[in-house]
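Please read the structure below before turning to the comments.
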């Protein structure tokens, strides 16, 4: 079970396409989610993960995403170090309230469906070139 991090920064309305820091690139938000796959009894199967990815993540972020597998570790309350396989989707999306709510919905659904204490997530403002250059 990965220890979660929650951003307290409010997600504002989209920034202007004329953002001087981005030049001709579009200002976007990069959100990376770290989904642990261990459960109290067993682990999230590959089929369960693929269904969650399709039904929850892709349904809310249909423009595309990248997913990789990782090995995570976290310190347990008793001081021992736990290790866990993880699925890590990276999303690049507009900086909107709707997108922020969609990220929260994905996290909530994953935690409830797979008995997770938390989901680690991080966000950052980025400049993205969408489509072919």
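Since every read-out is calculated from the coordinates, none of them should be taken as a lab result. These figures come from a predicted structure and were not determined experimentally. For neighbour counting, all protein chains shown are included, and Cβ atoms are generated from backbone atoms with ideal geometry for every residue, glycine included.
What to note about this one:
- 10 Å-binned pair-distance histogram of segment 16-82 (Cα, whole percent): 14, 33, 26, 17, 9, 0
- Between residue 50 and residue 21, the modelled label-to-label distance comes to 4.0 nm, taking each label 7 Å out from Cα in the direction of the beta carbon.
- Amide N proximity, segment 81-101 versus residue 68 label position 7 Å along Cα-to-Cβ, cut-off under 20 Å: 83-93
- Distance (nanometres) between label positions extended 7 Å along Cα→Cβ at residue 76 and residue 108: 3.1 nm
- Mean shadow area of segment 37-133 over all directions, Cα convex hull, nm²: 7.6 nm²
- Reference-scaled alpha-carbon Rg (2.2 N^0.38 Å with N residues) for segment 49-104: 1.43
- Centroid-to-centroid separation of segment 46-111 and segment 20-36 [C-alpha atoms, Å]: 16 Å
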